[in-house]
Amino acid sequence: MKVLRTLLLFILAVPAGAIAQDKIRSIAVTDTILYTAVDRPGEFYTVSKSGQIQRFNKDGKLSLLYKAETPPTVFDPRDGARLFAYYRHDQHYEYRTPSFDVMVAYQVDPSFAIEPWLICPSGDHKLWILDRADNSLKKINVRASEVELEVMVDSTLIWDVEGFTAMRDYQNFVFLLDRSRGILIFNSLGIHLRTIAAPGIHAFNFLGEDLYYLTGDSIVFFNLFTTETRRLKTMPGYQDVLLTDERMVLFTDQQMDIFPFSP
C-alpha cells in the first residue's frame, strides 16, 4: 500500500514537473504588466503600466515595441492585421496596422453614450459600449452612425460599473469581467445568460469554443456551447495565461514564461 501511495503521488506530480522542464523561454519585462493579449495568428502582446506595448512571436522573440503616452483601457489585436485600442481618458478609439501606424482614429460620439466605461469591437464596423451613466449595453453601427441595440442591465448584475475591467465580443456573446465576482456573459441581444463565478481573476481569453482563465494553479476552460468545464493544472505564482494551438504563456506582473502546448 505504501509503495502504491508513493507511485500515485509521483504520477500526480509529473504534469507540473513536465511543464517546468519543457519551458522554451523566460522573458523579463522592464515595466509592470497591466494585461496581455493574443492575436489569431498566435503572437503575444503585453501592455505595461507606462503605456508600453510589446509583441512577441511564439518563441518569445520581440517583434514590436511601441510606447503610448498612456496605456489603452482596452487593447484587442484581433487578427493581427487591424489592432483595436480604446482610451477612456479622452474617449477615443483607433485601429492600427501590424507596425502600429494609425489606420483610423475616432472620438466616441457623445450621442452614443453619456459616460462610456468600456468599449470593444464587434466585427469590423460595430462596437459594444458599456455606459456608466445608466448601466446600459449599447451596440453601435459605426458605418451607419446609429445605435442598433440598447439594453439596460439589471442593477443586481452591475453593482458598480467601475468594477468592470475588461469587455470582449466573441462568438456572438459579450463578456464583462468584474474582478470581485467573475465573468458576466450576455448574448447578441444583450441578455444576461450566466455569470462564471471567478472572483480575483485578472483576465480571460478564448481558444476555439472555450473561454479560459487562470485561477490559482489551474487553467479553467468553459465551453461556450455545452457549458462544460474542465481544468488544467499548471504551477502557482502566475496571474495570467495566454494559449494558442502551440504555446502556453504564463505571466507574472514582470515576466512571461513560454511552454509548448497542445489543446
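The values are calculated or read from the model by the stated rules, or taken from the named source; none is laboratory data. Owing to the predicted nature of the structure, the values given are computational and were not obtained by experimental measurement. Cβ sites come from the backbone with ideal geometry, for glycine too, and all protein chains shown count toward neighbours.
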Report yes if some residue within the stretch 103-125 is farther than 21 Å from ILE191 by Cα, hydrophobic (A, V, I, L, M, F, W, C) and touching a residue at least 40 places away in the same chain (Cβ under 8 Å); otherwise report no. no
Restricting the stretch 218-250 to residues that are touching a Ser or Thr at 6+ places or on another chain (Cβ under 6 Å) and touching a residue at least 40 places away in the same chain (Cβ under 8 Å), the residue that is surrounded by the fewest Cβ atoms within 10 Å (Cβ to Cβ): LYS233
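For the stretch 219-241, what are the residues that are assigned to a strand (DSSP E or B) and touching a helix residue (DSSP H, G or I) at 6+ places or on another chain (Cβ under 6 Å)?
Matches in the stretch 219-241: LYS233 only.
Mind checking which residues of the stretch 21-62 are of a type in the set (S, T, N, Q), surrounded by fewer than 17 Cβ atoms within 10 Å (Cβ to Cβ) and in contact with an Asp or Glu (Cβ under 7 Å, 6 or more places away or on another chain)?
SER26, THR32, SER50, ASN57
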For GLY200, work out the one condition from (1) touching a Lys or Arg at 6+ places or on another chain (Cβ under 7 Å); (2) surrounded by 15 or more Cβ atoms within 10 Å (Cβ to Cβ) it doesn't fulfil. (2)
Kindly establish whether ASP79 is loosely packed, with under 14 Cβ neighbours inside 10 Å and either modelled with pLDDT under 95 or over 23 Å from GLU162 (Cβ atoms) (or both). yes
Could you tell me which residue of the stretch 111-132 is nearest to the chain's Cα centre (by Cα), considering only residues that are within 22 Å of ILE158 (Cα to Cα) and not in a strand (DSSP E or B)? ARG132
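Here is a yes/no grid of residues against (1) of a type in the set (Asp, Glu); (2) surrounded by 15 or more Cβ atoms within 10 Å (Cβ to Cβ); (3) more than 17 Å from GLU228 (Cα to Cα):
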position: GLU162; (1), (2), (3): yes, no, yes
position: ARG168; (1), (2), (3): no, yes, yes
position: PHE173; (1), (2), (3): no, yes, no
position: LEU176; (1), (2), (3): no, yes, yes
position: ARG181; (1), (2), (3): no, yes, yes
position: ASN187; (1), (2), (3): no, no, yes
Residues of the stretch 134-187 satisfying the condition of being among the aliphatic types (A, V, I, L, M) and either over 16 Å from the mean Cα position of the chain (by Cα) or part of a helix (DSSP H, G or I) (or both): LEU137, ILE140, VAL142, ALA144, VAL147, LEU149, VAL151, MET152, VAL153, LEU157, ILE158, VAL161
Pairs, first loosely packed, with under 11 Cβ neighbours inside 10 Å and of a type in the set (A, V, I, L, M, F, W, C) in the stretch 139-155, second at pLDDT 90 or above and not in a loop (DSSP other than H, G, I, E, B), C-beta under 7 Å, six or more apart: none
For the stretch 113-135, give me each residue that is more than 20 Å from ASP90 (Cβ to Cβ) and modelled with pLDDT of 95 or more. SER122, LYS126
Where residues in the stretch 63-105 are among the basic types (Lys, Arg) and under 16 Å from VAL142 (Cβ atoms), which of them is nearest to the chain's Cα centre (by Cα)? ARG78
